[in-house]
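The values are calculated or read from the model by the stated rules, or taken from the named source; none is laboratory data. Since this is a predicted model, take the numbers as computed values, not measurements. Here the Cβ positions follow ideal geometry from the backbone for every residue, glycine too, while neighbour counts run over all protein chains shown. All accessible areas refer to the heavy atoms of the entire protein, side chains included, with ligands and DNA or RNA removed. Shrake-Rupley method; radii C 1.70, N 1.55, O 1.52, S 1.80 Å.
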Amino acid sequence: MVEVDFEPIGRRVVVPAESTLLEAARQAGVSLSADCGGNGTCGRCRVRLMSGELTQPTGAEVRRLGKLLDTGWRFACQAKALSDVKVNVPLESMRGAQRLQLGGLQPDVAIEPILVGVPVALTPPTLDDGRSDMTRLIHALQGATLGGDPYYDIAVGREAPVALRQDHWEGTAWLRESEVCAVLEPGRAPLGLAVDLGTTKIAAYLVDLSTGATLASAGAMNPQIAYGEDLMSRIAYANQGEWKAAELSQVVVEAFNKLLAELCAQVRRSPREVLEVVVGANTAMHHLLLRLPVEQLGSAPYIAAVSESWDVKARELGLSTAPGAYLHTLPNIAGFVGADHVAMILATEVYKAKGNVMALDIGTNTEIVLAHGGKMVSCSCASGPAFEGAHIRDGMRATTGAIERVVLAKNGRLKIAVIDDAPAVGICGSGILDAVAVLYRAGALNNRGRFEPGSPLVERDSQGYLVTLAPGEQSGHGRPVVITQRDVGEIQLAKGAIRAGVECLLRYAGLAHEDLDEIIIAGAFGTYVDVESAMAIGMLPGLPSSRFRQVGNAAGVGAKLALISRSERSMAREIGRRVEYMELMSQPGFTEIFAESMLFPDLNASGAVG
């Protein structure tokens, strides 16, 4: 028997050796496209081998894939697993797309464009006026810049003359301070791209830089998942050599370019009209994208190579934007509290809080900020990928067939809700959290997270106690979807890390749970989490529901704000300087706090830990 790991879906399945990857996908409930029925002719089931051993390519693969075979690409219907393997499944090979949270609550801000457009109408050259095209443009821009003489780089020098001549010497020069970044046809507004680069997911927004309007949005899984689900695995991979670090950057840039092409196609514009990109990412993602050294992030005290906001030519990273476009990264704070956290604080306006406000951006790496007394202090919690379905026996990400809600019906049985109302093939993060909360409330789990054998919901198989959420005859792959004792332990670790961060911040500030005026929950997982379930298992303090606010993808919104407003970008830099970083491991009694946080609270108590 061998294990096949399908990423970035997060599904694993054990199958007989020499099973095709398509057969394994079907057993795992992974909906690969296979229009030809698996005979190797349609080419729709492409996957990329990341580790392990497969059978030699078939004639169909050699004919259709050619040199792509050298980079690991295979047809799932033709390749057979000879050992445990991990394969990356591109979005285009899937029948159903994963649900990604793109929306978020955006505060009203004044539009203060980063780029200024200057209309120009140049005198065409003559035999008596032999000035170069760009000299004519620079002369026309004298006095129109925000400071200093106008200038341009070689990439703009290659394109602007062509644009000017095509448009009969008229156009709009777009300047970033004094630098000419592009010349567009008259009346053509420039575009911007805001990106929330997460450990697991990427959210991108195409914006009209003149009006600040979001024209289109799209999301994708972070392809780096194929190199490791957690940050430390990717840091270790990058540290194996410069070319491996470059590979991690390149796969993200390729994902950016795919999203950019998709977004521009939606509004019938060209990626070459994108003049500014803003990226918010945690410290590790930020460093890997910019190919900064990450070795020092892999061990205490987890020091960033660069913390300041940064501007780099987008083309230097390989982005298919306008040649003169810049990529701006928001500032990192410290450790793994990075630019995405700054973006979240900017979007939620926590920095303006008058009372005691806590905001959590829940994900593979959860960042928490506490605003109190005019101060802000933040920490990072290694909550892990359990809420993304990883390390869970039937865990998967939020796509078709994933159980997303679990409730206890009046007849004492479990009732599930499945994404797209499809037969269940696994369970995603919100469903896992619900299931554990329901089982605890129903007495099927004790406060230490152990199954109670006397509960009618609890069963036992050869590997231990479990609870069935969907029996095999009702599932999408013929096998039952279950929650095991080990799964509960993974959730305890994840929720314990988050709650320990909450507790340490409150103790550091000398506050109690009831002193919190508001708890803001951000992030993709935070959008779908049931707050009552989170309080029931002790992930969040037991407070009135009116004190909680779920805001969606606040990091993405913050990146958009920094894209459309000079003041907001300046405030992001100020936030980066103002936030105090707290390293959890150095806090007195952290080990005991974490151990306490893993327990489930008394259901009749306020939710206090310790």
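Some notes on this structure:
- Segments 430-443, 525-538 sorted - mean Cβ within 10 Å per residue, highest first: 430-443, 525-538
- Average silhouette area of the range 181-242, convex hull of alpha-carbon atoms, in square nanometres: 6.3
- If you take the Cα centroid of the range 466-532 and the Cα centroid of the range 312-330, the two points sit 38 Å apart.
- Förster radius 51 Å - calculated FRET efficiency between ALA305 and ASN411 (Cβ-Cβ, nearest 0.05): 0.30
- Only Lys, Arg (+1) and Asp, Glu (-1) charged, at Cβ; the chain dipole about Cα centre in debye: 980
- Angle of helix 429-441 to the longest C-alpha principal axis of the chain, folded into 0 to 90 degrees and rounded to 10: 30°.
- Relative contact order (%) - the range 355-397, alpha-carbon pairs under 8 angstrom, separation at least six: 30
- Estimated at 0.36 nm per residue, the fully extended path between ARG441 and ARG566 surpasses their Cα-Cα distance by 40.0 nm.
- Computed per residue of the chain from DSSP H runs no shorter than four, each worth -39500 (n - 2.57), the mean residue ellipticity at 222 nm is -8500 deg cm²/dmol.
- Gain upon complete extension [THR55, PHE590; 0.36 nm per residue less C-alpha separation]: 187.7 nm
- Of all accessible heavy-atom area on the range 434-508, the percent that carbon and sulfur account for (1.4 Å): 44
- Measuring r between the beta carbons of ARG573 and LEU603 and using R0 = 51 Å, the FRET efficiency lands at 0.70.
- Relative contact order [Cα under 8 Å, 6+ residues apart], the range 497-572, whole percent: 31
- Cα-Cα separations in the range 300-434 greater than 19 Å, expressed as whole percent: 67
- With 10 Å bins beginning at zero, the pair-distance distribution over Cα atoms of the range 485-564 amounts to 16, 43, 31, 10, 1 %.
- DSSP bridge pairs, the chain: antiparallel proportion in percent, nearest 5: 70
- With the simple model of a label 7 Å out from the Cα in the direction of the Cβ, ASP84 to ARG479 spans 1.5 nm.
- Å² per residue, accessible surface of the chain at 1.4 Å: 40
- For the range 341-394, the share of accessible area belonging to carbon and sulfur comes to 48 percent (1.4 Å probe, ligands and nucleic acids excluded).
- Take the convex hull of the alpha carbons in the range 104-198; its mean projected area over all directions comes to 8.4 nm².
- Taking the charge dipole of the chain about its Cα centre, with +1 at Lys and Arg Cβ atoms and -1 at Asp and Glu Cβ atoms, the residue from LEU69, ALA470, LEU209 reaching farthest to the positive side is ALA470.
- Pairwise Cα inverse-distance average, inverted: Kirkwood Rh of the range 235-275 (Å): 11.7
- Folded to 0 to 90 degrees: helix 339-348 orientation relative to the chain principal axis, Cα: 90
- Based on C-alpha pairs under 8 angstrom that are at least 6 apart in sequence, the chain has a relative contact order of 13 percent.
- Listed residues PRO323, LEU370, VAL312: farthest to the positive end of the dipole of the range 288-444 (Cβ charges): LEU370
- The Cα atoms of the chain cover 98, 69, 44 Å along the three principal axes, with the biggest extent listed first.
- Applying 1/(1 + (r/R0)^6) with R0 = 60 Å to the Cβ-Cβ distance of THR71 and SER210 gives a FRET efficiency near 0.90.
- Where labels lie 7 Å past Cα in the beta-carbon direction, separation of ARG165 and ARG450 in nm: 8.2
- Counted residue by residue at 0.36 nm each, then reduced by the alpha carbon distance between them, the extension gain from VAL253 to ASP421 reaches 57.0 nm.
- GLU295-ARG272 pseudo-label distance in nm [points 7 Å out on the Cα-to-Cβ vector]: 4.2
- Among 368-379, 109-120, sorting by the average number of other beta carbon atoms lying within 10 angstrom of each residue, highest first, gives 368-379, 109-120.
- Under the shape rule built on the C-alpha gyration tensor, where the axes satisfy a ≥ b ≥ c, the range 291-343 is prolate, since a/c reaches at least 1.5 and a/b is greater than b/c.
- With the highest mean first, a sort of the peptides 274-287, 299-312 on other beta-carbon atoms found within 10 angstrom per residue produces 274-287, 299-312.
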